[in-house]
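Novice: Got a structure for you, questions after.
The values are calculated or read from the model by the stated rules, or taken from the named source; none is laboratory data. All figures in this text were calculated on a predicted structure; none of them were measured in a lab. Positions of Cβ are generated from backbone atoms using ideal geometry, with glycine treated the same way; all protein chains shown enter the neighbour counts.
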Amino acid sequence: MSTRLLAQQLNLIETIPVNKPLMEGHCVQTFDYLIFLDFEATCWDRYDRTKGSAEIIEFPAVFYDLRQHKILKEFQEYVMPTERPKLSEFCNKLTGITQKQVDKGVPLQTSLLLFTRWLQELTTKYNLTFDSTDMRKKRCALVTWSDWDLGTCLESECRRKQIRKSEIFNKWINLRALYEEYYNRRPLGLNGALLDVGLTFEGKQHCGLDDAKNTAFLARKMVSDGVLLRITKELTIN
């Protein structure tokens, strides 16, 4: 008689039930909600000699329920660039954002304030926390497709313009990093990643709000495939 069979007969082995979702590839996530960000910024053709530093011109976000797998709220503000106020033709064609929209937009500092107020309303309504140690509340995290939005674009512009941003923007989930780690391949942008997993981009590429929504759709697919979402980047606060 095998050791395992003998142990079973003597009730020395405990059988632990496994939830069906786990067997299908799902894994238990540590977050309850996610906020997807995807900035659009001033840009130029590679040969344009008038190019400058990138300034955010669209500030979008979507609030996503990871348990119900759906978007609950949306946020979008067009932002007025101040260093290079006139958009390049290349930027207009790529993003679809018009000069009129940014001229009527708000300064970056104001957009950050409006986003913070939007986030405060969500925090109160859904009992959110961005602190992993507070077990009494629902955990939430910022998510971007790469480190560029929060690690380069927003960080650099705030430093140049001496704008103080919330500490919330200092850590996030880089979905691309988790994608490359799990699937062991480098996708050709967000659209390429969607196509690789059998999804189709919905809306207009390089529209920040549509990009944020599609990043959420990709995350939903990744979670169903068994990807465990975690914070991948945290800026050092000087």
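Novice: Name, by its number, the condition in (1) without any contact (Cβ under 8 Å) to a residue 24 or more places away in the chain; (2) closer than 20 Å to ILE231 by Cα that does not hold for PHE169.
Specialist: (1)
Novice: Yes or no: the stretch 107-122 includes at least one residue that is in a strand (DSSP E or B), under 16 Å from the mean Cα position of the chain (by Cα), within 18 Å of PHE36 (Cβ to Cβ) and without any contact (Cβ under 8 Å) to a residue 60 or more places away in the chain. Explain how you work it out, then say what you get.
Specialist: Here is the first cut: in the stretch 107-122, the ones in a strand (DSSP E or B) are none.
No, the stretch 107-122 contains no residue that is in a strand (DSSP E or B), under 16 Å from the mean Cα position of the chain (by Cα), within 18 Å of PHE36 (Cβ to Cβ) and without any contact (Cβ under 8 Å) to a residue 60 or more places away in the chain.
Novice: Further question on the same structure: Quick one: how many residues across the stretch 62-84 are of a type outside the set (Asp, Glu), in contact with a helix residue (DSSP H, G or I) (Cβ under 9 Å, 6 or more places away or on another chain) and within 18 Å of SER224 (Cβ to Cβ)?
Specialist: 5
Novice: Does the stretch 214-222 contain any residue that is assigned to a loop (DSSP other than H, G, I, E, B) and over 22 Å from VAL28 (Cβ atoms)?
Specialist: We begin by selecting, within the stretch 214-222, every residue assigned to a loop (DSSP other than H, G, I, E, B); these are none.
No, the stretch 214-222 contains no residue that is assigned to a loop (DSSP other than H, G, I, E, B) and over 22 Å from VAL28 (Cβ atoms).
Novice: Criterion first (closer than 24 Å to TYR64 by Cα and either modelled with pLDDT of 95 or more or in contact with a Leu (Cβ under 6 Å, 6 or more places away or on another chain) (or both)) does THR124 satisfy it? Explain how you work it out, then say what you get.
Specialist: On the way: closer than 24 Å to TYR64 by Cα: yes; either modelled with pLDDT of 95 or more or in contact with a Leu (Cβ under 6 Å, 6 or more places away or on another chain) (or both): yes.
Yes; evaluated as a whole, the condition is true for this residue.
Novice: Among the listed residues PHE169, PHE217, PHE201, which satisfies the condition of being modelled with pLDDT of 95 or more and under 21 Å from ASP65 (Cβ atoms)?
Specialist: Values: PHE169 fails: under 21 Å from ASP65 (Cβ atoms); PHE201 fails: under 21 Å from ASP65 (Cβ atoms).
Result: PHE217 is the single residue among PHE169, PHE217, PHE201 that is modelled with pLDDT of 95 or more and under 21 Å from ASP65 (Cβ atoms).
Conditions tested, residue by residue: (1) in contact with a Pro (Cβ under 6 Å, 6 or more places away or on another chain); (2) at pLDDT 95 or above; (3) not basic (Lys, Arg).
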| site | (1), (2), (3) |
| --- | --- |
| ARG67 | no, no, no |
| ILE71 | no, yes, yes |
| GLU74 | no, yes, yes |
| SER88 | no, yes, yes |
| LYS93 | no, yes, no |
| ASP103 | no, yes, yes |
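Novice: Just checking, how many residues over the stretch 184-238 are closer than 25 Å to GLN101 by Cβ and either small (Gly, Ala, Ser) or touching a Cys at 6+ places or on another chain (Cβ under 6 Å) (or both)?
Specialist: The total comes to 5.
Novice: Could you tell me which residue of the stretch 73-91 is farthest from ARG49 (Cα to Cα), considering only residues that are surrounded by 15 or more Cβ atoms within 10 Å (Cβ to Cβ) and without any contact (Cβ under 8 Å) to a residue 40 or more places away in the chain?
Specialist: Looking at residues that are surrounded by 15 or more Cβ atoms within 10 Å (Cβ to Cβ) and without any contact (Cβ under 8 Å) to a residue 40 or more places away in the chain, I get GLU77.
Novice: Right, next: Within the stretch 209-238, track down each residue that is in contact (Cβ under 8 Å) with a residue 60 or more places away in the chain, acidic (Asp, Glu) and under 19 Å from ASN191 (Cβ atoms).
Specialist: ASP211, ASP225
Novice: Condition test on VAL28, is it of a type in the set (A, V, I, L, M) and modelled with pLDDT of 95 or more? It would help to see each step written out before you state the result.
Specialist: Values: of a type in the set (A, V, I, L, M): yes; modelled with pLDDT of 95 or more: no.
Taking the combined requirement at face value, the residue does not satisfy it.
Novice: Within the stretch 60-72, track down each residue that is among the basic types (Lys, Arg) and either in a loop (DSSP other than H, G, I, E, B) or within 22 Å of ILE97 (Cα to Cα) (or both).
Specialist: ARG67 - this is the single residue of the stretch 60-72 that is among the basic types (Lys, Arg) and either in a loop (DSSP other than H, G, I, E, B) or within 22 Å of ILE97 (Cα to Cα) (or both).
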